[in-house]
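Visitor: Dumping the structure here so I can ask a few things about it.
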Amino acid sequence: MYCFHLSAIEKSLKHFKKEFPKINESLAMRREEFTDLMTDQILEAYEFLNSLLLKEMDIFTPAGLYALLEMNHIVLCGSDQKTRMQYYQHLSETRKSFLLRIKPIKQWVIRKHHSYDPFKLAAGFYSQMLSRPQLFLEGNHRTGNILLNYLLVSKGAPPYIVSADDAHIYLDLSGDIKFTEKGNFDTALRMPGHRKRFQMFLREHVSQCFMMSEGRSR
């Protein structure tokens, strides 16, 4: 059983944050500022995910859906209960939206989990959750990256952690997927191409240095 190497992830994310203003200038569409708080909450989400991996919990089963939703809550506002109370209404609306949209995605992952290779599975999931309508009300890129890495690592493949070197490619590919609508015939025709390019990107940019054997997440 593998888990995420939190110190290595933290180092990569901090370097990404330092270089982000320069990266943002090169993107087809500018993104919001990447902050220290975002870094902390992403790391907290990975720590939570490690606890699930050590328990061998499958977050795409009915019993695991709470944990899947919790990942997005942590990415958006951490786990501090006072902060959660401040965002109670938003988190409640997120939960309602999530329960409406997760079912076809969950069923697809369960159906494909044993037959698809890790990269095809992760790219397929990411395309479905990020294209419109998106799975979550906010934080889909950050949460989606964590969840696709869960799928990769749960099948023994290395994860993809965004880095300053390849972030511009990753973010532009994600932008192509984001502006594809599931119910729109014209944009849906482009989805297989976006998904294939993203799958190839993952194969080339995952790294073993961000995962380790269980019990050694630091």
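Visitor: Starting from the Cα of Ser79, step 7 Å along the direction of its Cβ; do the same at Ala8; then give the gap between the two resulting points in nm.
Guide: Between Ser79 and Ala8, the label points sit 2.3 nm apart.
Visitor: At a Cα cut-off below 27 Å, give the lysines reachable from Lys112, other chains included and same-chain residues fewer than 8 away excluded.
Guide: Lys112 reaches Lys55, Lys96, Lys103, Lys120, Lys155, Lys178, Lys182, Lys196.
Visitor: Further question on the same structure: With charges set only on the Cβ (+1 for Lys and Arg, -1 for Asp and Glu), what does the dipole of the chain come to about its Cα centre, in debye to the nearest 20?
Guide: Result for the chain is approximately 600 debye, rounded to the nearest 20.
Visitor: Something else now. Once you put a point 7 Å from the Cα of Glu32 and another 7 Å from the Cα of His114, both along the Cβ direction, what distance in nm separates them?
Guide: 4.0 nm
Visitor: Can I ask one more? For every other residue with a beta carbon closer than 9 angstrom to the beta carbon of His141, add +1 if it is Lys or Arg and -1 if Asp or Glu, then tell me the sum.
Guide: Local charge sum for His141: +3.
Visitor: Separate question: Write out the GluC sites (Glu not before Pro) in the stretch 1-101 meeting two conditions: DSSP loop, and at most 12 other Cβ atoms within 10 Å of their Cβ.
Guide: Filter output for the stretch 1-101: Glu32, Glu33, Glu56.
Visitor: While we're on this one: For the residues Lys178, Lys96, what sequence is obtained by ranking on other C-beta atoms within 10 Å, fewest first?
Guide: So the residues, fewest neighbours to most, are Lys96, Lys178.
Visitor: Over the chain, calculate the relative contact order: mean separation of alpha carbon pairs under 8 Å at least 6 apart, over the residue count, as a percent.
Guide: Contact order relative to length: 33 percent.
Throughout, read-outs are computed from the coordinates displayed, never taken from laboratory work. Just so it is clear, the model here is predicted, and its values are computed rather than measured. In this analysis, Cβ positions are derived from the backbone assuming ideal geometry, glycine residues included, and neighbour counts consider all displayed protein chains.
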